[in-house]
1. Determine ³J(HN,Hα), in whole Hz, for all residues of region 321-326 in sequence, where each value follows from phi through the Karplus function 6.51 cos²θ - 1.76 cosθ + 1.60 and θ = phi - 60°; x replaces Gly and Pro.
2. Grab the other residues whose beta carbon is less than 15 angstrom from that of CYS907, score K and R as +1, D and E as -1, and report the net.
3. Can you figure out the FRET efficiency of ARG663 with ALA643, using R₀ = 30 Å and their beta-carbon distance, to the nearest 0.05?
4. Where only protein heavy atoms count, and the probe is 1.4 Å, what is the accessible area per residue for region 773-933 in Å²?
5. Extension gain LEU808-ASN698, at 0.36 nm per residue separation less the Cα-Cα distance, in nm?
6. Hey, rough spin-label estimate for ASP718 and LYS632, points 7 angstrom out along Cα→Cβ, what's it come to in nanometres?
7. If you stretched the chain out fully between GLU732 and ASP15, how much longer would it get, using 0.36 nm times the residue separation minus the C-alpha to C-alpha distance?
8. What is the set of long-range amide H partners of TYR439 at a cut-off below 5 Å, with H atoms built 1.01 Å from backbone N?
Amino acid sequence: MAISSCVRAVATHLDVVLAQEYIALDNADAYEQCAELACQAASVQVLHTLSREEQHQQHQHQQQQLELVVALLERLAMLVRIPNLRSLETVLGAWTALLRANGATVPKKGHATTTSSMAPPSSSSPSTSTSLKVLPPGAVPALLDYCVAWLRAGGGLAGGMDPAGTHIANEREQWEDTFETFEELKTQWIINRAKVMEVIKLCANLDPQSASRKLLETVDGALEWLKSVSTSADGGEDSGDEGKACILEGVQAFTECIMLVLPIEEPQASSVVIEIENLVTKALAMTDQSSQSGGIRLGPQSLAQYAKILECFGRIGLVRPNLAPLLVKNLFDLLGTVAAEDVSAPPVRGKARVKRTQLARQKICSAMLNICATVPEALNPHLEPLAEQVESLRSTGNLTGAERGTLAEALLAVATPSGPERVIQVLDWLLAPVKSRWYSVETGAVLPLVANLTTPEAFMAQEQQQQQLSNVHWDLFHDVQLLERCMRRCLPGSSAQAAQKVVQEAPGEQQQQQQQSVCLILEHVEWAILLATEMHRLVRQIYTPGLQSQMVSSNLAESLQPSWEEYAASLKPGKLKEFALEQAENQNATQLKVVSVRDWLRVLRDASLNIINLVLLHASEMTYSNPSIAGKMQTVIATDLEAQRDDQVRTMVLLFVRPVLSRCPAQFRQIWFQALVAPILPDLCRRVEAGWTTAGANKATLSTPGTTANEALDTSSDVSTYATLVAEAYSERTLREISRELGSILELIVAPGGTLGRRTKTASTSDTEKDAVAGGKHLIDWMCSQSDVQVAQIAIQAGTLALKIDDLETVSKAILFCRGLVAAASAQDPRIGEGLAESCGGEIVLAAVAALSKSLNSSLQAELLSLIYEVLTKHARTTQSVPHAMLCIPGITESVLMNTLEEISKCRSEKKATGLVKNLLLSIPGEELKVLATGDNKKTISAIQIPTNSKRRQSDGGNASEPVKSSWTENEVHAGFQLFQ
């Protein structure tokens with residue numbers, strides 16, 4: 001009864017707040033606090049409690065409880081329509097939990113089936129027979145209405161488009177009033193948009209009939225509106241086209257959500273399918289340029305959104321195969337209406353506003369690819385006409401390199417249902433021109449043209465007024481991307497999965513196994529590896545001191561540095577990020593040559609690593625067993641490694657080294673771990689040690705009296721000061737990333753069965769780690785496989801170094817490696833002798849104690865103490881380094897250490913023994929290990945928490961840091977909700 005009284009009080013307070021007119025700068029805080037309180041009152045936990053209370057009450061009281069819950073949820077639904085982005089995030093989170101508690105689910109993208117049903121909801125329906133049935137009547141349709149309104153109002157906001165001239169412009173201005181900057185508004189909207197779309201999917205899964213009705217209403221209304229504005233106004237104006245694009249983006253987002261979830265393959269959905277078919281036919285007719293009316297004309301931005309709407313309807317091909325070719329044909333026609341500008345140029349960035357036509361063409365091609373990937377069976381009979389269409393566009397110069405790659409993927413997707421042989425034919429047709437342009441079959445080597453292109457002289461060979469690279473440069477650029485995309489599309493388990501499904505249906509088990517083992521890229525393995533390794537070598541060579549000086553003399557030095565976009569991606573919203581984005585826009589407009597060379601080098605470098613990785617995925621049996629290929633990969637890593645930037649080395653480890661090592665079969669681990677780890681481990685260790693030493697020195701400098709970074713931002717408007725701070729922030733992030741990559745390499749050495757070096761939260765227990773390190777066997781095997789003993793010594797140094805780093809993830813990985821070291825030293829393996837424990841035991845103890853002294857590692861306290869316990873119990877009495885290291889710690893004497901070891905030896909519980917280690921370390925004087933005394937205090941979270949006041953800009957221009965008066969005091973909230981604690 002106490003809980004129901006509190007919920008009733010919340011519902012009453014909601015009536016008071018909702019009765020007020022919402023004014024962003026006046027009562028937004030009251031709405032946000034009310035929304036937070038309402039969401040906690042309507043949480044699944046509270047509603048389950050009320051449900052349990054109902055079971056012990058009379059029928060009359062049960063009805064009252066149900067009416068109370070319905071009233072609360074009705075008001076919670078009304079909060080969705082309040083135009084406040086901050087409260088919307090909270091409210092949508094609550095509705096997501098409620099819908100899931102009522103049985104709603106979201107299918108994975110690309111899955112045609114769902115758990116929903118087009119049958120009318122009933123008590124026996126799987127979507128309603130759940131443990132929590134509290135949704136009020138009409139809740140789902142109301143939520144769909146509100147969500148559609150939100151998507152319409154926020155259309156184009158994530159892309160920075162201006163809705164001027166449309167009915168959503170005024171509402172957008174009201175949103176902007178509650179945020180300091182447009183970037184803050186956009187960030188908040190991106191978060192809310194994802195939540196809105198999730199609620200739509202859950203609603204559609206719970207009530208497909210309401211969702212389908214709303215879909216038909218929304219899209220049909222958009223088509224009629226588009227037809228009316230296209231006939232009454234000039235759609236070619238940029239402002240008008242951008243406004244239309246904003247409206248269409250909201251419609252597209254809603255259509256995407258509904259079509260993903262709608263169970264159109266069920267027999268009960270036949271009527272809905274017919275209506276969707278009529279709607280698609282209407283949409284196709286509107287843009288049909290060959291019709292009598294000539295079709296409506298759309299600008300590039302609205303055309304891109306229109307193509308995405310057609311893409312969303314691609315799933316209709318599952319039940320109406322005749323519509324899939326019509327959709328693709330219409331998209332080809334739309335592609336023909338947009339002029340292909342600068343065919344040899346690189347793909348336009350998503351934020352570039354000066355090449356809207358090129359961006360629109362890319363969106364149209366992406367729509368075709370996604371339709372082909374969604375319903376390949378429906379398009380498979382039309383493969384040859386599609387290929388002819390693509391070839392016609394390419395031969396007439398109406399297809400850019402990026403568009404060619406997208407449509408090539410589409411053709412491979414369509415060919416998949418025909419089986420591996422058909423896919424191999426399409427691959428040969430697509431890649432034969434690439435092979436002939438850059439590879440000589442007679443000599444079996446890459447053509448010298450590739451090396452000639454990758455020189456400072458070749459970058460400057462074009463006329464200065466053009467400020468671009470040559471067409472041949474971009475031909476290589478696009479061909480490499482085409483090769484990578486084709487290999488990725490044909491990966492086993494992706495598009496090839498459907499081919500294997502066809503094979504499984506064929507008679508004969510022997511024939512099945514033979515066809516399933518077919519390597520789709522077998523004919524392209526040799527030349528692809530040679531081309532990729534040569535490109536990677538040439539790109540790396542550019543960063544050597546000799547060629548760097550030539551780049552400087554050619555005014556291309558900036559092309560060897562990270563782009564301003566990369567800088568901005570590493571920064572939090574604020575002055576520095578705004579500065580980096582502004583510099584990026586200026587450089588893209590004024591230094592085209594620098595930008596082009598940088599993009600060209602980056603794509604060739606990353607694509608070459610991806611191609612090698614993909615070849616190893618496709619032909620793993622052939623490549624992993626070949627020591628000569630492993631030797632070539634070692635050369636790829638080692639060549640000019642010291643001349644590369646930290647972020648480039650990190651990318652190489654992430655894209656190539658870690659994936660290849662993690663998939664390596666056990667019988668070939670010694671070959672590949674020796675080949676890949678030997679060159680990269682010393683370099684990573686050197687970079688990490690130097691980087692953290694420099695970072696520590698800089699931190700010490702900042703801690704002395706002087707100007708801090710924030711003060712420099714406030715007092716200086718100098719571009720060089722901002723540029724220096726941006727570079728320092730990027731360098732710090734890169735240092736953390738390469739530190740984590742070092743930890744990942746160490747983790748793979750000691751536990752090669754891991755998943756790309758990543759660990760889950762549940763993988764931190766000592767038992768799991770002991771299983772992973774396998775008693776140190778993997779580490780011993782790796783050490784013995786090294787031709788240079790110094791590499792194994794560097795690995796030990798790297799493990800203790802990683803324990804001392806101020807990065808939680810790196811320390812976590814280092815703990816696992818050090819456990820492996822301790823286990824290997826205890827294994828008594830004759831291959832390594834007895835010197836391992838002596839050389840690493842003391843260092844591990846000191847590093848672990850140093851890690852314990854940092855509050856940053858408080859969540860790893862148990863693991864670190866367990867590591868120290870293992871070292872003490874296994875090696876304190878058999879080595880000199882371990883007791884010597886312990887005695888070097890102030891406050892620990894020999895008698896205290898011996899007494900502790902004696903007590904530990906008598907303990908049968910590892911937990912109690914670890915507690916003794918903790919008590920020993922707590923005896924150390926000073927503040928360093930005081931964090932141990934606090935332990936891991938777990939915070940308890942009540943069912944309903946006190947709402948907090950948000951800081952916002954005041955309408956009267958007052959100080960934003962002053963607290964805003966809450967409509968509910970803390971005492972009032974506690975009085976009503978203390979029973980929830």
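1. Listing the rounded values in order: x, 5, 7, 4, x, 5 Hz.
2. Numbers: positive: LYS874, LYS906, ARG908, LYS911, LYS912, LYS918; negative: GLU870, GLU902, GLU903, GLU910.
Local charge sum for CYS907: +2.
3. Numbers: r = 29 Å, r/R0 = 0.96.
Calculated value: 0.55.
4. 44 Å²
5. Details: separation 110, 0.36 × 110 = 39.60 nm, distance 2.04 nm.
Roughly 37.6 nm would be gained on extension.
6. For ASP718 paired with LYS632, the spin-label model returns 5.2 nm.
7. Working: separation 717, 0.36 × 717 = 258.12 nm, distance 5.05 nm.
Length gained, GLU732 through ASP15: 253.1 nm.
8. LEU447
The values are calculated or read from the model by the stated rules, or taken from the named source; none is laboratory data. From a predicted model like this one, the values you see are computed outputs, not experimental measurements. Note that we place each Cβ from the backbone using ideal geometry, even for glycine, and neighbour counts take in every protein chain shown. The area values use the complete protein model at the heavy-atom level, side chains included, leaving out ligands, DNA and RNA. Shrake-Rupley method; radii C 1.70, N 1.55, O 1.52, S 1.80 Å.
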